[in-house]
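Data first, discussion second: the structure below is written as structure tokens.
The values are calculated or read from the model by the stated rules, or taken from the named source; none is laboratory data. It should be emphasised that the depicted structure is a prediction, and the values quoted were computed from it without experimental measurement. Virtual Cβ from ideal backbone geometry, glycine too; neighbours counted across all protein chains shown.
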Amino acid sequence: MPAAEILVPARRDLSDNDSPPKAKGTTSVQELRILVTGAAGLIGRAVTPLLQQAGFKVVPFDRRSDPPGDVTAAEDVRDGLRGIDGIINLAAISRVVEGERNPELCWRTNVEATRTLLQLAMQSARSPWFIQASSREVYGQQDTLPVAEDAPASPRNVYARSKVEGERLTEEARAGGMATAILRFSNVFGDTLDHADRVIPAFARAAASGGTVRVDGSDCVFDFTHVSDLADGILRVVRRLCDGERALPPIHFVSGRQTSLGELADLAVKTGTGVTRVEAPARDFDVYRFVGDPRRAQALLGWRVTTPLESGFARLVEDYRAAMRD
């Protein structure tokens, strides 16, 4: 997809909320305002309360927020950025299959909107830092596992290419003086409000109801990360950026543990009652083997997984059962 330029409306005069922040060391956490795009999504729902508990003022920016905000609308973005000290960009077409079905929407949301967000943020007198949410899909199909962050990008689908371009735009903004961080996520799970046809929600819901699990390639291997661990990692990066860090390398939050879809199906059968299993071939546009190396996150941030797959999956099954009873 071409990286089309976005025409950004002329910048309006700054309001009082756009005045430059106080010098480093004189602004308390309670005074720092963080814009979370995609705040109503899986990761946004988990990281928002964690940031609030840490004392930050979170400004949700999502079409489902109140008031709603659309990352593809420059005027909405401009208004959302007023008085903002940091940005966590989670808004995206976040599923490979959706990118294949609607590549224009995927590119407009994941790339063009990111470009606008960065352009307008760099115009702000407050000079907000910027976190770009990316994906293990940027690595494509690597020959060697586990995959480290310095592995070459090798995207194999529209979604992955959009994430590679989003990273490039973020790196370009850093070269222009913006404090940025790129975080790569892998098969995040842990919320009943997640997309119902993602693999872990689908398997957990089947385990809760005695349904059927469809295994699209039982030998496909992935690295599953509970959303609570991911939110903790984002908070750690936020604290580093608030402390003035400007040179964090790309970091992915992964368990470093490989789990095949066949093993995940076995877990669903074991955890549930009356679960049936259907085998199907792997999808040809997906990465079918990925395990990440967690050592960079551990070394730089002291981060590690605290929710193993088994306990996180069992908790999600119970959450589905509770939701079905209500």
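Side notes on the structure shown:
- If you check R168, R214, R161 for being farther than 30 Å from T271 by Cα, surrounded by fewer than 20 Cβ atoms within 10 Å (Cβ to Cβ) and basic (K, R), only one passes: R168.
Conditions (1) in contact with a strand residue (DSSP E or B) (Cβ under 8 Å, 6 or more places away or on another chain); (2) assigned by TED's automatic domain parsing to the domain that holds L117; (3) modelled with pLDDT of 95 or more; (4) of a type in the set (A, V, I, L, M), marked per residue:
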residue: T48; (1), (2), (3), (4): yes, yes, yes, no
residue: Q52; (1), (2), (3), (4): yes, yes, yes, no
residue: R64; (1), (2), (3), (4): no, yes, no, no
residue: P67; (1), (2), (3), (4): no, yes, no, no
residue: A73; (1), (2), (3), (4): no, yes, yes, yes
residue: R78; (1), (2), (3), (4): no, yes, yes, no
residue: L81; (1), (2), (3), (4): yes, yes, yes, yes
residue: D85; (1), (2), (3), (4): yes, yes, yes, no
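- Filtered residues of region 55-98 (kept if polar (S, T, N, Q) and either more than 19 Å from I131 (Cα to Cα) or under 17 Å from the mean Cα position of the chain (by Cα) (or both)): S65, N89, S94
- Scanning region 63-84 for residues that are surrounded by fewer than 21 Cβ atoms within 10 Å (Cβ to Cβ) and either among the basic types (K, R) or out of contact with any helix residue (DSSP H, G or I) (no Cβ under 6 Å at 6 or more places or on another chain) (or both) yields R63, R64, S65, D66, P67, P68, A73, E75, D76, R78, D79, R82.
- Here Q141 clears all of (1) over 14 Å from the mean Cα position of the chain (by Cα); (2) outside any loop (DSSP other than H, G, I, E, B); (3) farther than 15 Å from P249 by Cα except the condition numbered (2).
- Qualifying residue in region 269-282 (condition: over 14 Å from T212 (Cβ atoms), at pLDDT below 95 and touching a strand residue (DSSP E or B) at 6+ places or on another chain (Cβ under 9 Å)): yes
- Filter pass, R174 being in contact with a Ser or Thr (Cβ under 6 Å, 6 or more places away or on another chain) and either part of a loop (DSSP other than H, G, I, E, B) or outside the structural domain of D319 (by TED's automatic domain parsing) (or both): yes
- You will find that of A179, A204, A196, the residue that is surrounded by fewer than 16 Cβ atoms within 10 Å (Cβ to Cβ) and within 27 Å of T48 (Cα to Cα) is A196 and no other.
- Consider region 306-315 and keep the residues that are in contact with a strand residue (DSSP E or B) (Cβ under 7 Å, 6 or more places away or on another chain) and buried (at least 21 other Cβ atoms within 10 Å of the Cβ). The one that is nearest to S255 (Cα to Cα) is L309.
One line per residue, one yes/no per condition, for (1) touching a residue at least 60 places away in the same chain (Cβ under 8 Å); (2) of a type in the set (S, T, N, Q); (3) closer than 27 Å to P155 by Cα:
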{"residue": "D266", "(1), (2), (3)": "no, no, no"}
{"residue": "V269", "(1), (2), (3)": "yes, no, no"}
{"residue": "V278", "(1), (2), (3)": "yes, no, no"}
{"residue": "L309", "(1), (2), (3)": "yes, no, yes"}
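- Being aliphatic (A, V, I, L, M), outside any helix (DSSP H, G or I) and more than 30 Å from V58 (Cβ to Cβ) holds for only one residue in V305, V213, V269, and it is V213.
- Beta carbons closer than 8 Å, at least 6 apart along the sequence or on distinct chains, never pair a first residue in region 242-255 that is outside the structural domain of W129 (by TED's automatic domain parsing) with a second that is loosely packed, with under 13 Cβ neighbours inside 10 Å and in a loop (DSSP other than H, G, I, E, B).
- With respect to the conditions (1) hydrophobic (A, V, I, L, M, F, W, C); (2) under 17 Å from L145 (Cβ atoms); (3) part of a helix (DSSP H, G or I), V287 falls short on a single one, namely (3).
- Filter result (surrounded by 12 or more Cβ atoms within 10 Å (Cβ to Cβ) and not charged (D, E, K, R)) within region 293-305: P294, A297, Q298, L300, L301, W303, V305
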